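Read through the structure below, which is laid out as structure tokens, and then see the notes.
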Ligand code: NI
């Protein structure tokens, strides 16, 4: 299960982030990949320093303030955040992300798209699952969150430049099926509230969600 989050960053914030990133120095992205993933990784990453720190803190704040992200991911911490750039000829072939990032379990991965999708060709994030492949290329400011356990790739960029922020989430809830139940209950609760206001049924749904979260959360 993956989710498309709309407007994680508004256009003004996307512009600010892009300006900040474009003024920085980039290094070979292979440095942060494992031995096997490095073989297929050809991109660039913003070097450590004040610029990347600002981007990390802005993106962390924006995601944690996004109701859809919180409901879907149940984040405990965002363990690593990188700024990546793909120029023509660059790609990241099929790989899996590390299970541990800085000693913390990585349950979910996210990609926040920063470039206007019309400004570059290629660069789709492609998820391969048992049910086939899903290609994802989102509007600037939108993000996708998906299971870190999945095999995925970034297709070659053939024109323009693809800027994105990628990161990993340590969730309070380890199991994807349990996160899905909690996410669905949030949907039911908000629809019940919109339709009927505060009712006994809504209270029971919220009580059930809270009780499940107490059973499943590892805080
Ligand atoms: Ni990856």
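Residues checked against (1) more than 24 Å from residue 8 (Cα to Cα); (2) at pLDDT 95 or above; (3) not assigned by TED's automatic domain parsing to the domain that holds residue 58:
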| position | (1), (2), (3) |
| --- | --- |
| 136 | no, yes, no |
| 153 | no, yes, no |
| 159 | yes, yes, no |
| 183 | no, yes, yes |
| 188 | no, yes, yes |
| 200 | yes, yes, yes |
| 205 | yes, yes, yes |
| 211 | yes, yes, yes |
Next item on the list: Could you run through segment 120-161 and say how many residues are more than 15 Å from the chain's Cα centre (by Cα), within 14 Å of the ligand (Cβ to nearest atom) and buried (at least 18 other Cβ atoms within 10 Å of the Cβ)?
Entry: 2
Next item on the list: Among the candidates 31, 41, single out the residue that is surrounded by fewer than 17 Cβ atoms within 10 Å (Cβ to Cβ), over 19 Å from residue 115 (Cα atoms) and within 16 Å of the ligand (Cβ to nearest atom).
Entry: 31
Next item on the list: Have a look at 69, 26 and point out the one that is closer than 30 Å to residue 190 by Cβ and in the same structural domain as residue 142 (by TED's automatic domain parsing).
Entry: 69
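Could you tell me whether any residue of segment 87-97 is closer than 27 Å to residue 182 by Cβ, crowded, with 16+ Cβ neighbours inside 10 Å, assigned by TED's automatic domain parsing to the domain that holds residue 136 and out of contact with any strand residue (DSSP E or B) (no Cβ under 6 Å at 6 or more places or on another chain)?
Within segment 87-97, the subset closer than 27 Å to residue 182 by Cβ is 96-97.
Filter again for crowded, with 16+ Cβ neighbours inside 10 Å, leaving 97.
Narrowing further to those that are assigned by TED's automatic domain parsing to the domain that holds residue 136: 97.
Filter again for out of contact with any strand residue (DSSP E or B) (no Cβ under 6 Å at 6 or more places or on another chain), leaving none.
Within segment 87-97 (the criterion being closer than 27 Å to residue 182 by Cβ, crowded, with 16+ Cβ neighbours inside 10 Å, assigned by TED's automatic domain parsing to the domain that holds residue 136 and out of contact with any strand residue (DSSP E or B) (no Cβ under 6 Å at 6 or more places or on another chain)), the answer is no, since none of the residues qualifies.
Here is a list: 2, 108, 63, 46. Which entry is closer than 16 Å to residue 165 by Cα and within 14 Å of the ligand (Cβ to nearest atom)?
Numbers: 2 fails: closer than 16 Å to residue 165 by Cα; 63 fails: within 14 Å of the ligand (Cβ to nearest atom); 46 fails: within 14 Å of the ligand (Cβ to nearest atom).
Just a single option satisfies the conditions, and that option is 108.
The values are calculated or read from the model by the stated rules, or taken from the named source; none is laboratory data. The shown structure was predicted, so the numbers you read here are calculated from the model rather than taken from an experiment. Heads up, the Cβs are rebuilt from the backbone with ideal geometry, glycines too, and the neighbour counts pull from every protein chain shown.
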